[in-house]
Every structure is written in C-alpha cells, then in structure tokens.
Amino acid sequence: MSAFGSRAEDLDRDDPLADFREAFALPEGVIYLDGNSLGPPPLAALEDLNEAAHEAWGQGLVRSWNTAGWIDAPTRLGDRLAGLIGADPGEVIVADSTSVNLFKLLVAALQARPERTVVLSEPGDFPTDLYMAQGAVRTLGGGRRLDLREPEDLEAALGPDTAVLLLGHVHYKSGRVRDMAGLTARAQAAGALVLWDLSHSGGVLPVELNACNVDLAVGCTYKYLSGGPGAPAYLFVAKRHQDSLISPLGGWMGHAQPFAFEDGYAPAEGIRRFACGTPPILSLTGLEAGAALALRAGPARLAAKARALGDLFIEVIEAGPAAAALSLASPRDSGERGGQVSFRHPQAYAIVQALIARGVIGDFRAPDICRFGFSPLFLSFAEVEAAAEMLGEVVAERVYEDPAYSVRTAVT
Ligand SMILES: *Cc1c(COP(=O)(O)O)cnc(C)c1O
C-alpha cells in the first residue's frame, strides 16, 4: 500500500464521524464527491418520505395538515436549522427556493433603505444571486442598481448609497470563505444591511449569524444538508428586523391569519411573514433526516473533517503525476476553505466525465474548473485518496481525450 493509502487508513480509524456513513443510501462502486451539489439520501429520509406519502398523505388526507404537523413544518425545521447556523429559534423558516428567498429579502431590504439605491456584490458570485438582485432592482426601479466589485474593492465601495451587501459565505467555485464578522461590521458601519448566502457553508462549516450580528441570510438544503433534489431553502431574518421588513411576496401562508380568509394582506408576526404559499410537505419531509444528522455531528466536527479530506486530496494530487497539469483554484490553507476543492484545467469538462465513467463523481463549473466536494458525513479518507489517484491517472494518461467525454449534457 502507498504511503498515502496507509495514512488514509489511519485517518479513517481515528475519524469521529466514521459511523455516519451507515446512515446514507449510496450506490456500490461510486465515490461521491458531489454532495455539495446534491447530497445523497439518508436512509431515514427514504423511510420518512415513504411514510409521509402512504400514511400522512394517503391515509390522513387533508386532516394531516393538523394531525401530522404539516402546517408547522416550515418553522419547526427552521428552528432546527437555526442551531446549525448560529441563529435563535424563531429566526429561520424553510420555504421556497434560495432564488425566491433572495428576491424576497432583497426587495424587503431595499424598501427598508429607501434613500439608498445600490445592492453591492461581487462579479463571479453564484449566478442566481446576481440575477435575483438584477430582478429586485429592476422591479423597484427608482434608480436602484446592482454594483459588482472585485473582492479587494468591496469595502471601499461601501458608502451612503449602499442599501444591501449581498455575498456568498463560501464561494461556489473556489470554496473560499468570506470574513462574515468583518464584512458585516463594515457594511453596517456604512449604514447598509447585509445578506449572506449560506448555500455552501450551512451544514458543513460553523456559521455564527447572531455572533456576527448578521441581518439577513438564505441557504440551500439539498447540498450538504441532503434534503433531496429541489428541497426548499431556508431564510433568516434577525429578530430585530422582523417587524419592519415586509416580504414582496406576502402570500396567504405569510398572513397573520391565513384561515380568516380576509381580503387585505396583514403580515404575520415574526419569521412566518416570510412564507408565501402552501409548504411543499413531501420535500420538507425529505429534509428532516439530513438536518438531524448534521446537528448530531455538529458544525465543528463537520468542518474539521471536510477540511482534512480536502487537504489529503490536494496533497495526493500534488505529489502525483498530474501535479503540473492541474492548478489549485481553492485556498491551500484549509482554514480559508469550505468543504470543497477545485482544480483548473483547460479540459476540465472531459476530465470530470472520464472520472464519472470510473465511478468518481465530481462536477464541472464553466469554464475550466473541476470541483470536488468533501461531504464529511459519508466520505472516507480512503475514498478520497483513491479518487485523487484516479484523477491523477485520468489527467496524466490523457484519458479525457476520448471524444465520448466531450459530449455535453444539460446539467454539468
Ligand atoms: C446552490 C445555490 C443556490 C441554489 O438556488 P436555487 O434557487 O435552489 O436553485 C443559490 N445560491 C448559491 C450560492 C448556491 O450555491
């Protein structure tokens, strides 16, 4: 066995999260390095979904809104996720998609700062965040605009026009972690509100929303939290803002009394006002188990293992035959990284396809990024070591030159 192989064995032996692997349904013969895009199903989620479909839906029918706890699922799950992101109960709700939640909070924040016109963000942040910001300023008009500044210029751009600073906590391509406490404080000192997207940090890194005095946040549940494809997202509004912000999509589920069926909209007290329509109960059901597993493991242990897996991966690549061909696109210092590691290569797409054909599933991000996610709940160090050896081989032996690996699919 190689030196790396025996090191991986040692690391697996000492891994405090090793037992969580058994909680997941994963196919044989696959090393899954894409849990940061779509987390695999927890076995308990499959049981919960089966039960929700056959019993609560099939037998309980409409009664289940009351008897199976359906109506409270968005806030019940929100309270649970609050424990993962440093929020208090009553500050988080699970509803809609991350995109829709971005729109709700951006419009609400812009309307709360009517004398200010700018949403500040950075170029190359996750596209939907930028698109929703463009939609929010277009919808409100009045000279409002999205201003994109490179990371090193952001702070200088904060000023009397800045209404909202919108940023991803962990960058989806590079995995770089932003200084949440520092940027939040500086934006607030300029009079702006701050909206963080936690899609690549919630469930894998410690997030301290209230300790950092964050105003607003959103995040995705189908990545590290294994909520299932298209599972609804979460939305955080700090208690101090809940009475003054109004959702532009105030539907009946965000009304003070949904079942009074009144003609006029009156926002509910607290976080529930940020709900819009009927909650997607089956999708919410799929999230219960993943959220419970992440809470049981705890963000500190999750982050430590994700970063150690990433370190091992980088080390094996850089000691191997593809070291010169692949360039690291993520911070080398794991403290500055989330749960993923990316490498650049001009043939990144074909490399990822060749790896998938060999059972190592990562993903490609245009134009030249091979991205690998190190979900700490189900991956072993041995798998990560084997995947890195495989990547080295595919690149060094130019396996990716087979034309079959250049056929483009809709989802990369
Ligand atoms: C995955 C992800 C999203 C997903 O948005 P959807 O509305 O669920 O498609 C949004 N923002 C970031 C930063 C993401 O990584």
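The values are calculated or read from the model by the stated rules, or taken from the named source; none is laboratory data. Computed from a prediction, not measured in an experiment: that's the story for all the values here. Don't worry about glycine lacking a Cβ; one is built from the backbone with ideal geometry, like all the others, and counts go over all protein chains shown. Surface areas here come from the heavy atoms of the whole protein model, side chains and all, with no ligands, DNA or RNA. Shrake-Rupley method; radii C 1.70, N 1.55, O 1.52, S 1.80 Å.
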Item to check | Solvent-accessible surface (1.4 angstrom probe) belonging to CYS212, in square angstrom, nearest 10 | outcome: 30 Å²
Next on the checklist: Pairs on different chains or at least eight residues apart, Cα atoms closer than 20 Å: how many lysine pairs in the chain fit?
Outcome noted: 4
Next on the checklist: Along the charge dipole of the chain, pointing to its positive end and built from +1/-1 on Cβ of Lys, Arg, Asp and Glu, which listed residue (ALA294, SER380, TRP65) has its Cα farthest out?
Outcome noted: TRP65
Checklist outcome for this item: Computed D for segment 279-409, Stokes-Einstein, Kirkwood radius over alpha-carbon pairs, 37 °C, 0.692 mPa s, to the nearest µm² per second, is 209 µm²/s
Next on the checklist: Per residue of segment 227-235, what does 6.51 cos²θ - 1.76 cosθ + 1.60 with θ = phi - 60° give for ³J(HN,Hα)? Whole Hz please, x for Gly and Pro, Karplus curve as stated.
Outcome noted: x, x, x, x, 4, x, 8, 10, 9
Checklist entry - Give or take rounding to whole Å, what are the principal axis extents of the alpha carbon atoms in segment 206-276, in descending order? => result 42, 31, 16
Checklist outcome for this item: Note: probe point = Cα of SER406 + 7 Å toward Cβ; backbone nitrogen < 11 Å; residues of segment 339-377 passing the test are 347, 350
Item to check | Helical contribution to [θ] at 222 nm, DSSP H n ≥ 4, -39,500 (n - 2.57), averaged over the chain, rounded to 500 | outcome: -10500 deg cm²/dmol
Item to check | Dimensionless Rg over Rh [segment 168-256; C-alpha; Kirkwood] | outcome: 0.99
Checklist entry - Mind checking the angle between helix 381-396 and the chain's longest principal axis? C-alpha axes, 0 to 90 degrees, to the nearest 10. => result 70 degrees
Next on the checklist: Would segment 324-379 count as rounded, prolate or oblate if I go by the C-alpha gyration tensor, calling it rounded below 1.5 in a/c and otherwise prolate when a/b exceeds b/c, oblate otherwise?
Outcome noted: oblate
Item to check | Magnitude of the charge dipole, segment 157-259, Cβ model with Lys/Arg +1 and Asp/Glu -1, debye to 20 | outcome: 220 debye
Item to check | Per-peptide average of other Cβ atoms within 10 Å, ordering 226-233, 16-23 highest first | outcome: 226-233, 16-23
Checklist outcome for this item: quick note, the chain, DSSP beta bridge pairs, % antiparallel (nearest 5) is 55 percent
Checklist outcome for this item: Within the under-12-Å Cβ sphere about ALA387, not counting ALA387, Lys/Arg +1 and Asp/Glu -1 give a net charge of -4
Checklist entry - Hey, if you put +1 on the Cβ of every Lys and Arg and -1 on every Asp and Glu Cβ in segment 113-228, which of ALA136, LEU166, VAL119 ends up farthest toward the positive end of that dipole? => result ALA136
Item to check | Selected from GLY270, GLY29, GLY60 as most flexible by GNM, with the chain as the system and alpha-carbon contacts under 10 Å | outcome: GLY29
Checklist outcome for this item: Taking r as the C-beta separation of GLN188 and ARG296 and R0 as 25 Å, the FRET efficiency to the nearest 0.05 is 0.15
Checklist outcome for this item: Within the under-13-Å Cβ sphere about GLN111, not counting GLN111, Lys/Arg +1 and Asp/Glu -1 give a net charge of +3
Next on the checklist: Per residue, how large is the accessible surface of segment 1-120? Use a 1.4 angstrom probe and give square angstrom.
Outcome noted: 48 Å²
Next on the checklist: Rounded to the nearest 20 debye, what is the charge dipole size of the chain about its Cα centre when +1 sits on each Lys and Arg Cβ and -1 on each Asp and Glu Cβ?
Outcome noted: 960 debye
Checklist entry - With no solvent and one point on each alpha carbon, what is the Debye value of log10 I(q)/I(0) for the chain at q = 0.07, 0.10, 0.11, 0.12 Å⁻¹? => result -0.34, -0.70, -0.84, -0.98
Next on the checklist: Rounded to the nearest percent, how much of the accessible area of the chain (1.4 Å probe, protein heavy atoms only) is carbon and sulfur?
Outcome noted: 54 percent
Checklist entry - How would you rank 132-145, 197-210, highest first, on the average number of other Cβ atoms within 10 Å across their residues? => result 197-210, 132-145
Checklist outcome for this item: Sorting TRP65, TRP70 on solvent-accessible surface, 1.4 Å probe, most exposed first, gives TRP65, TRP70
Next on the checklist: If you filter segment 261-359 for trypsin sites (Lys or Arg not before Pro), then keep DSSP loop positions with at most 12 other Cβ within 10 Å, what is left?
Outcome noted: ARG332
Checklist outcome for this item: Once all protein chains are kept in place, GLU55 shows an accessible area at probe 1.4 Å, nearest 10 Å², of 90 Å²
Item to check | With Cα atoms, 0 to 90° folded angle of helix 73-82 axis to the chain main axis | outcome: 60 degrees
